[in-house]
Amino acid sequence: MTTQQIALITGANRGIGYETARQLGGRGMTVLVGARSAERGAEAAEKLRAEGVDVRAVEIDATDAASIAAAAAWIAAEFGRLDVLVNNAGISGGSFEKPSATSLDGLREVFETNVFGIVAITNAMLPLLREAPAARIVQVSSEVGSIGFMMDQTSPMWSAAAIAYPTSKAALNMVTAQYAKELWDTPIKVNAANPGYCATEFNGNSGFRTAAQGAEVSVALATLPADGPSGQLWGYRWGAEDDTTYSQLPW
Ligand code: NAP
């Protein structure tokens, strides 16, 4: 079996996921560019290959159990293990509707990708992650899923009241904590990343950070040393004077 580290990043055909694949590839890992569209995944992989990254494209849709199972079976056959899983794929569900105007269909749609999809992918990949010497799982979340941050009247998010996206990330934060507990006595570390507000298609490129800066958070959690944390929400602190220092955030 190869000693080369293998990293799967979901939703890696664009945005923060693409930059995460690029940065992990730059560190010498073999990156598996997860994309729900085989065509978009192949295009992204081709761009990374042109930069010298050892890359393969993998079709994986967080809402499609068959595609998740097929991706896990392919990784098992090709590599026999997985060192890094970055569950990056996520959707906003559109504009922030007020709680009183929340559509249940929209809420279900966001949870399908941002919560149920991540549990499905994590469980499908766990046997492969357990085969690695010290796997790292990164759940790409947000401070918007932090109840403490949302209820802080001095925080930039105080003015936003919405259910779908914030509750999906709050649920993902707890999902992260529960996996960290189950895997506490193993070498596997599980953390939630807060990339900060990054300019991607996700928000009509309105973010004040770059996708590459957002990816730095996932990369740091994907490459944690043996004495690194597990079960934390970690990353960019909105409002902090220092934009480049990342830290643990309150759940
Ligand atoms: P983005 O540019 O919209 O990219 C999202 C990626 O997820 C795309 O590759 C998209 O694929 C993929 N995706 C969506 N639904 C999927 C599904 N069902 N299965 C597989 N892939 C799926 O967004 P981004 O800004 O890079 O966001 C990446 C992550 O960071 C998300 O989890 C988001 O919640 C989180 N985040 C973003 C910000 C921000 O300011 N941008 C802040 C905090 C957290 P297609 O190309 O096929 O649509």
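The values are calculated or read from the model by the stated rules, or taken from the named source; none is laboratory data. Note that the structure is a prediction, hence the values are computed from the model and not measured. With ideal geometry, Cβ positions are generated from the backbone for all residues, glycine too; neighbour counts draw on all protein chains shown. With ligands, DNA and RNA removed, areas are computed over all heavy atoms of the protein, side chains included. Shrake-Rupley method; radii C 1.70, N 1.55, O 1.52, S 1.80 Å.
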**Request:** May I ask for the net charge around GLY94, where only other residues with Cβ less than 14 Å from the Cβ of GLY94 are counted and Lys, Arg are +1 while Asp, Glu are -1?
**Result:** -2
**Cα convex hull of segment 8-130 - mean projected area over all directions, nm²** = 7.9
**Request:** Against the globular-protein guess of 2.2 N^0.38 Å, express the Cα radius of gyration of segment 121-251 as a ratio, rounded to two decimals.
**Result:** 1.07
**Request:** Provide the per residue accessible area, probe 1.4 Å, for the chain, rounded to a whole number of square angstrom.
**Result:** 45
**Request:** For segment 175-192, take each phi angle, set θ = phi - 60°, evaluate the Karplus expression 6.51 cos²θ - 1.76 cosθ + 1.60, and give the result in whole Hz per residue in order, putting x for glycine and proline.
**Result:** 4, 4, 4, 6, 5, 4, 5, 4, 9, 4, 8, 10, x, 7, 10, 10, 9, 9
**Request:** Give the whole-number value, in cubic angstrom per residue, of the convex hull volume spanned by the C-alpha atoms of the chain.
**Result:** 119
**Pairs of Lys in segment 6-249 closer than 25 Å at Cα, counting only those 8 or more apart or on different chains** = 4
**Item:** DSSP-loop GluC sites (Glu not before Pro) across segment 151-251, with at most 13 other Cβ within 10 angstrom
**Value:** GLU241
**Built amide H within the under 5 Å cut-off of VAL33, gap 5+** = ARG56, ALA57, VAL58
**Prompt:** Which of the chymotrypsin sites (Phe, Trp or Tyr not before Pro) found in segment 143-196 are in a DSSP loop and have at most 13 neighbouring Cβ atoms, other than their own, within 10 Å?
**Reply:** TRP158, TRP184
